[in-house]
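What follows draws every value from the coordinates through simple rules; no lab data is involved. These numbers come from a predicted model, not from an experiment. Methodologically, a virtual Cβ is constructed for each residue, glycine included, from the backbone with ideal geometry; neighbour enumeration extends over all protein chains shown.
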Amino acid sequence: MRLLAACSLGGAGHLHPMLAFVEHPRLHDEWLVAGPPALADMVRETGVAFWPGEEPPEGEIAPIRDRLALAPADEASVLGNRELFGRMATTAMLPEMTRLFEEWRPDFVLRDPCEFASAVLARRTGTHVAQVAISFADVEAGSIRVASPALEDHERGLTGALFESPYLTRFPESLDPSPFPSTVRYRSAARVTAGALPDWWHGSDAPLVYATLGTVLGYMSFAVDVFAAVLEAVRSLDARVLLTVGRQFDPARLGPVPAHVHVERWVDQEVVLRTAALVICHGGSGTVLGALEAAVPLVVVPSLADQFENGRRVTSAGAGQVVSSSSSSSTSSRRPPSVADAPRIAGAVATVLGDAAARAGAARVAAEMRAAPLAIDALATLLEPTALGG
């Protein structure tokens with residue numbers, strides 16, 4: 001059986017939700033991953049074949065990407081969902097996706113909800129297709145509605161087909177009631193990750209705080225300001241702090257950091273979460289899900305897209321706090337955090353780090369997530385039974 005995993009712009013946060021299916025040993029050799037060239041190294045690390053497509057020129061993407069963090073929510077949604085993903089990224093990817101379907105002929109497509117070229121080809125060819133959530137279901141549904149004018153330009157009837165296709169999600173129902181009629185919840189199998197974190201703190205047994213702001217922030221013009229805000233917030237914190245900045249950001253731009261803070265471009269999140277007492281993050285779904293699955297409470301410092309809603313739901317679950325920029329409001333442009341927000345971030349970190357109720361809230365969500373079927377079993381409900389072997 002030929003299984004295609006299709007991913008759009010967005011880096012690890014868009015690719016990783018599909019890896020629970022792609023990396024499973026029973027189907028590993030049957031998958032092909034298609035996506036922008038920037039994903040090549042991440043895909044090759046999985047051992048799965050990669051089909052590189054095309055993406056819009058950086059000169060066209062950069063102005064939209066920076067505007068996303070500054071524009072009012074409605075404008076940002078149109079820029080991101082309709083123009084960037086729905087129109088530009090799909091147009092760039094369609095020629096290679098067409099060639100892939102003609103030459104490789106997939107039997108089943110699993111797609112990142114922001115990747116629409118594979119959905120266009122699946123509709124034209126009658127290929128079965130499902131989407132894997134990267135955010136909350138109502139957020140994803142709203143994104144489809146906003147993108148609809150561009151989607152219908154590509155393929156008439158595509159909007160309705162997307163709502164009708166199966167929707168796979170790791171988010172538990174208590175956090176994420178779904179408007180998609182065919183919603184299938186799943187959990188990732190526990191990965192066997194060797195080793196532990198190096199002792200970057202010279203024997204300290206202070207609580208471990210993991211600060212990560214995702215893989216996309218490093219592309220942003222304001223990235224150094226956001227990292228500076230987090231560093232200032234943890235400057236006086238009695239903890240071991242691990243800050244990851246992503247592969248696109250040079251840590252030297254941060255200047256000197258406090259002795260209890262260690263900076264890396266990337267670490268294996270699952271290794272860190274085994275011993276972390278708290279996660280400080282931007283609210284990207286991959287980090288939020290990983291922390292909640294590990295029963296680790298969060299302080300969410302959002303900058304753009306669905307991060308604000310993710311933070312709100314973490315708070316509503318009693319699993320942490322959200323700290324938005326003091327220059328943001330529900331009626332004005334949303335702004336990324338700055339050093340002016342550091343005292344508020346520091347206060348949230350100190351509160352959540354010492355809050356047994358936040359740990360209990362994260363543990364409740366973790367227990368609900370563990371009750372879902374494994375990814376391979378959820379996928380089995382969508383494929384022919386014989387495709388999975390014994």
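For this structure, a couple of remarks:
- In terms of Cα atoms, the Rg and Dmax of the chain work out to 20.4, 61 Å.
- Residues whose amide H comes within less than 5 Å of that of LEU213, counting only those at least five positions distant or on another chain, are THR244 (H built at 1.01 Å from N in the peptide plane).
- Modelled spin labels at ALA196 and THR91, positioned 7 Å past Cα toward Cβ, are 5.4 nm from each other.
- Note on ARG145/TRP266: beta-carbon distance plugged into 1/(1 + (r/R0)^6) with R0 of 41 Å gives a FRET efficiency of 0.75.
- Sequentially through the stretch 55-63, phi angles give Karplus couplings (6.51, -1.76, 1.60; θ = phi - 60°) of 9, x, x, 4, x, 8, 6, 4, x Hz, Gly and Pro residues having no value and appearing as x.
- THR275/SER316 FRET efficiency (R0 25 Å; Cβ-Cβ; nearest 0.05): 0.40
- Shown in residue order for the stretch 144-156 are the 3J(HN,Hα) couplings computed by the Karplus curve 6.51 cos²θ - 1.76 cosθ + 1.60 at θ = phi - 60°: 5, 4, 5, 6, 3, x, 5, 5, 5, 5, 6, 7, 4 Hz (x for Gly and Pro).
- Full-stretch length increase - ARG156, ASP238 - with 0.36 nm per residue and alpha-carbon distance subtracted: 23.8 nm
- For the stretch 79-88, 3J(HN,Hα) per residue [Karplus equation, 6.51 cos²θ - 1.76 cosθ + 1.60, θ = phi - 60°, Hz, x = Gly/Pro]: 4, x, 6, 7, 7, 6, 7, x, 9, 5
- Per-residue ellipticity at 222 nm computed for the chain from its helices equals -11000 deg cm²/dmol, with DSSP H segments shorter than 4 residues left out and the rest contributing -39,500 (n - 2.57).
- 0 to 90° range, to nearest 10: angle between helix 342-353 axis and the chain longest Cα axis: 90 degrees
- Annotation: amide H-H contacts under 5 Å for ALA5 (H modelled 1.01 Å from N, sequence separation of 5 or more, or interchain): LEU32, VAL33, ALA34, LEU110.
- Base-10 log of normalised Debye intensity for the stretch 208-370 (one unit scatterer per alpha-carbon) at q = 0.21 Å⁻¹: -1.51
- Förster radius 22 Å - calculated FRET efficiency between PHE222 and GLU75, Cβ distance, rounded to 0.05: 0.80
- Proximity of backbone amide H atoms, modeled 1.01 Å from N, is registered between GLY320 and LEU298 at under 5 Å, excluding neighbours fewer than 5 places apart on the same chain.
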